[in-house]
Every structure is written in structure tokens, then in C-alpha cells.
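The values are calculated or read from the model by the stated rules, or taken from the named source; none is laboratory data. On a predicted model such as this, the values are computed, not experimentally measured, just so you know. Virtual Cβ from ideal backbone geometry, glycine too; neighbours counted across all protein chains shown. Only protein heavy atoms, including side chains, enter the accessible area calculation; ligands, DNA and RNA are left aside. Shrake-Rupley method; radii C 1.70, N 1.55, O 1.52, S 1.80 Å.
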Amino acid sequence: MGTVEPQIATDVQTQHTDGFQLVIDALKLNGLDTIYALPGIPITDLTRRAQAEGLRVLSFRHEQNAGYAASIAGFLTQKPGICLTVSAPGFLNGLNALAHATTNCFPMILISGSSEREIVDLQQGDYEELDQLAIAKPLAKAAYRVLHAEDIGVGVARAIRAAVSGRPGGVYLDLPAKLFAQSIDASIGKNSLIKVVDPAPKQIPAPESVKRALDLLRSARKPLIILGKGAAYAQADSDIRSLVEKTGIPYLPMSMAKGLLPDTHEQCASAARSFALPGADVVMLIGARLNWLLSHGKGKTWGGKGHKDWGGQKFIQLDISPQEADSNVRIDAPLVGDIGSCVSALLSAIGSGWAKPPADWLNAIQEKKTANVAKMSETLAKNPSPMNFHSALNVVRDIVKANPDAILVNEGANALDFTRSIVDMYKPRKRIDVGTWGIMGIGMGYCVAAAVVTRQQVIAIEGDSAFGFSGMEVETLCRYNLPVCVVVLNNNGVYRGTDVNPAGGPDAAPTVFVKGARYDKLIEAFGGVGAHATTPAELRKAMEEALRSRKPTLINAVIDETAGTESGRITSLNPSAKKK
Ligand SMILES: Cc1ncc(C[n+]2csc(CCOP(=O)(O)OP(=O)(O)O)c2C)c(N)n1
Ligand SMILES: [Mg+2]
């Protein structure tokens, strides 16, 4: 956290400070200098005073987007992202992002103003009455309420520790309206603040678990490493790369771990995923959980006979939470600690001279890769009319390659799945997306936070449905003049634009939107740059111009409305009436 001691601003005559000021001082003291907010009773003055005190207060059009911004700021910086909302409805709007942060292990603090406790607890019908603390608890890693100004320091310190230590997550901090105006002696206030020392202490794995893991890894004939977003979060990039390269083991990056090593790395097995998973005999999971995104570590994906059958793999799991192991299948060698400490312990135990995996395994993966990459290149080289996902994303692939520092935000169904597999990433933490839940709505909030905390160019690849969840925040992009280029892959609907109303009435089918919509016009209303692209050449020109100018830009990329598939790549999870 930051090192500069803030000056406690006080009323000179009375030498008093108040709740507003102490919240601001507590955040500043801990190096938390950015707030993703939406003002209103009782936190309007908190946003004003925070801005006056030099904090960056980014104001949104809907709390959900402010919350998603805070959550991804936490992922990118390892400091809790701060989201500030009003009571009841504002709190509930922010809660979605808080739950998202907890699920994805992103450090975030949702601070919400709340109504008068006595009235809320007697259910006497206050303005925006809601028992927010009780509601937040099951969705947050921790939840606290502060009633007295002299406890603000402790409340903020506890929230920070809970958010970033161990497995990070979302923390709720309830600040009732009455707290803000409470006045206390300035020196008592100052002394009550806590600068959190070592908020995320290292957790060193036990030597015997390191040995157990390496013994198992050494015995493997077909080893595989899987890198999860926990590995990306850890910021242990060079050690992770050394571990992969020293062992010579092929690896698969999960979506947000792409770029930890460049996707073009010779050991990257992404293009041979469906061969590598069932083929592997020992799998080392680094900051990756065996949840639905990895088919729970069993079933046909892993070479099991039936959909719940074990594929025969042995697992090594590096995770900060001891409870993660055995959540789905047996973990033969759990390695509990923070990813940085675990990887560095493995590296020092390996030393030099680790034997590379057997050549037949490496060659088999290489062969599959080469065949699949060749097939993909052929598809990407086509230039169909109308433009489809492949021909549009071939352009994005080139642009990202030429701008490897740009952050790629991605959501949608087909718009997500095709982008993930087609667009290579070259650097760590450059790809941020729908995460563990596969949610729509992260788009514009992520864009704002990514641009603000990294100061890099942001490129958002959005399905037209996905974009709609946060689309109004294009005004926010324009207001703060952020270098964000949004590409809406517009196929007229959810998955595709071709469904028809089976009853034949005038209503469109539930998955279909206004056809030929011009999303580019939206951003023009706020002074941003709109572009309309119907061919890869037009898309390339518009993206290049957006990156050159660094102006907020929205490109409406018209995609063949027949090109997508229902639910993208997760069709198997969709209970479909048709399948019966
Ligand atoms: C919050 C939320 N609501 C609904 C969904 C269900 N859902 C999954 S993908 C998707 C939209 C897909 O359409 P689009 O973004 O246009 O992508 P396309 O497949 O058309 O490229 C929806 C609504 C979700 N994942 N999250
Ligand atoms: Mg769509």
C-alpha cells in the first residue's frame, strides 16, 4: 500500500474531524486512491470531498458497472478496488459485482451508505430501508458495519485485510448515514486510523508438499500444466515462465491466464487442448480451479468413459486455499501457499537438469497443434460477405499482435469464444473477460478501470447483447476521455439474429434485436468517435485510427446474423427443448 502519510484536514477552529474525512483519510493512508462511484444520499458529499482531497473519483451511470470496474482494478493491481454506492437500490446494484469479485477471487470493497439503523431494525419504513449487512454476508468474503467515527480506521483496515489476504474476494463495508457527520477530536481521529502492514502475507508451502509434488511430476510420462487466473493475479510472471520452460512441460492457459507466456510459445498447447487434457497423466494446476470451466477434472473432456468418470489423471494443485483440493476429484499433491511462493519453492527444488517430458508426448501435441493451427489459418484467410466472426477477429488478432500492451476486454457468447481462441495474447494480465460465472455486463466497467489503472489502450470485443448490459457507460468513456476502442460484433441478437417468433405474432423472437442497429451512433451522442464497418478492411481502418488517436471509439462491426451457434461453445450446458 502507499507510503505517504496524509494530512488530516480539520476544522481549524475546533480541531475536529468527521466521518466523511476519516473514511477519506483511512483510504489514503492505505494507498487506495481511486473510487468507482455513483453519488446520492448519503454519500454525495463523500464523493465531493474525496475528489477535493485528490482521490480519483470515477462516476458511473449504474452501480453494477462501477462495481465491475472496482473488481477488475483489484485483479490488475492486487489492491482492493473501491466501489461506493448509495443505500438499498444502489447497494443492490453494486452487490452483483461484489458476488462476482468473491467468485473470481478479486479483491474489492463495496462501500455503501445505509439508512438509519434504529428505523431499519424496527422496519419502520425509512428512506431506502434495507438490512444491507445481512444481505451482503452470504455473497461477500467478509462484511462489516461501522457505527462510530472512531472505528472507521478499524473498519477500513479489516476490509482491506479481508479483501487481499489469503484467497482474495469481495468485502462489504456498511456505513450508515449518521456516521458521516459524526464529529470527533481530530487527534483522536488521526490516532484511530490504521495503516495496514503486510496486507497479503506470503504463505510459504511446506517442504514436504513441495517434495510430494515434484516426485509426482517426475514420474509423469505425459505431464501438463494448467495456468489459471490465480497465476495471472499473483504477478509472479518470470518465475512462472521459468518453471514452464525449465520443466519443458506443455501448458494450457485458462482464459485470463492467456499471455502469461505468449500464446505463440512453443510449449503452449491451447491449439491441442482436446488432445492434451484426455492424454495427460499428471496435471499441475497453478492458480486454476477444477470447476465447470475445466469440466470438473473428469468426464469425456479428460478421457473418462462417461460424463462423470475420472479420466485417470493425477493432479498437483497449487492454490492458496487448503479447501480447494479434492473439490471435484482427488488431488494427489496439494501445494498450499500463495502462487508466487509455491512456484519459487518448486523452482529452487528443481534446480537445473530437470529431464524434459518424453519426446513422444511432446511430438504428439506438436502434431495436433500444427494441424489445428493450419486449419484455423485457412478459415481466417477467407473473406466472406457478410463478414463473420472469423474474418472480423482476424483483424483484431493482427491489431493485438501489433499492440501487445493493449488490454483486451471480452464478453458475449460467440463473440467471447471465438475471440478467446483466435486472438493471441502476448503479455500477462492483458486479457480480462466474463470470468468464472460467464456473465454479461462486465464490459464498459472493465474498460474504464483498465484504462485508468494501467493507462494503456483498451480494446473491448463485445457481443451486441453483452454490450447492452453496460452500454450507457460509453458516456463515462467519453467524459473521462479514455483510450478505449469498443468493437460491437453485431449479429442482431443473442447468439444469432435469425430466430423467428414461433407463434407468428408481431413480437420479435426473444433472442433477436432491432436488425441493422447502429451502435456507433450511441457514442457520437457524447462526443466520441463512431464507426460502421461491414468489411475486415473497414474494421481494420477504424481500429487503427482509434488506437492512433486514443479517442473513445465505438465500431459497429456488422457480422453475418447466421454465423453464431446457440450458447457459443457451451451448447452442451444448455437444456434445449429441441434436444428432447
Ligand atoms: C448477466 C447475464 N445474463 C444473461 C446471460 C446469458 N447469456 C449468455 S451469452 C449472452 C449474450 C450472447 O449474445 P451476444 O453478446 O450478442 O454474443 P453472440 O453470441 O451473439 O456473439 C447471454 C444473454 C449471462 N451469461 N449473464
Ligand atoms: Mg450477438
Looking at the stretch 280-302, is at least one residue in contact (Cβ under 8 Å) with a residue 12 or more places away in the chain, farther than 29 Å from Gly568 by Cβ, outside any loop (DSSP other than H, G, I, E, B) and of a type in the set (Val, Ile, Thr)?
yes
By my count, helices (runs of 4 or more DSSP H) wholly in the stretch 48-124 with at least 3 residues that are closer than 20 Å to Asn30 by Cβ and open to solvent by less than 10 Å² (accessible area, probe 1.4 Å) are 63-77
Name, by its number, the condition in (1) in contact (Cβ under 8 Å) with a residue 60 or more places away in the chain; (2) away from ligand 1 (no atom under 16 Å from the Cβ) that does not hold for Ala503.
(1)
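Okay, residues lined up against (1) open to solvent by 20 Å² or more (accessible area, probe 1.4 Å); (2) away from ligand 1 (no atom under 12 Å from the Cβ):
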residue	(1), (2)
Val474	no, yes
Tyr480	yes, yes
Asp499	yes, no
Arg518	yes, yes
Filter the stretch 427-460 down to the residues that are over 15 Å from Thr77 (Cβ atoms), assigned to a loop (DSSP other than H, G, I, E, B) and touching a helix residue (DSSP H, G or I) at 6+ places or on another chain (Cβ under 7 Å) and list them by number.
Val434, Ile439, Met440, Gly441, Ile442, Gln457
Is there a residue in the stretch 79-95 that is among the basic types (Lys, Arg) and without any contact (Cβ under 8 Å) to a residue 24 or more places away in the chain?
no
Taking Pro386 and the conditions (1) open to solvent by 10 Å² or more (accessible area, probe 1.4 Å); (2) of a type outside the set (A, V, I, L, M); (3) within 16 Å of ligand 2 (Cβ to nearest atom); (4) in a helix (DSSP H, G or I), which numbered condition does it fall short on, given that it satisfies the others?
(4)
Please tell me if Phe469 is within 10 Å of ligand 1 (Cβ to nearest atom) and either touching a Cys at 6+ places or on another chain (Cβ under 7 Å) or touching a residue at least 12 places away in the same chain (Cβ under 8 Å) (or both).
yes
Among the candidates Lys202, Lys137, Lys190, Lys195, which residue alone is in contact with a helix residue (DSSP H, G or I) (Cβ under 9 Å, 6 or more places away or on another chain), in a helix (DSSP H, G or I) and among the basic types (Lys, Arg)?
Lys190
Output the number of residues of the stretch 280-331 satisfying the condition of being surrounded by fewer than 17 Cβ atoms within 10 Å (Cβ to Cβ) and either touching a Cys at 6+ places or on another chain (Cβ under 8 Å) or modelled with pLDDT under 95 (or both).
3
Return the residues of the stretch 149-174 that are crowded, with 24+ Cβ neighbours inside 10 Å and among the hydroxyl-bearing types (Ser, Thr, Tyr); say none if nothing qualifies.
Tyr172
Just a yes or no: is a residue in the stretch 439-454 within 15 Å of ligand 1 (Cβ to nearest atom), closer than 18 Å to Arg569 by Cα and small (Gly, Ala, Ser)?
no
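Kindly indicate whether Lys580 is open to solvent by 50 Å² or more (accessible area, probe 1.4 Å), at pLDDT below 90 and away from ligand 2 (no atom under 16 Å from the Cβ).
yes
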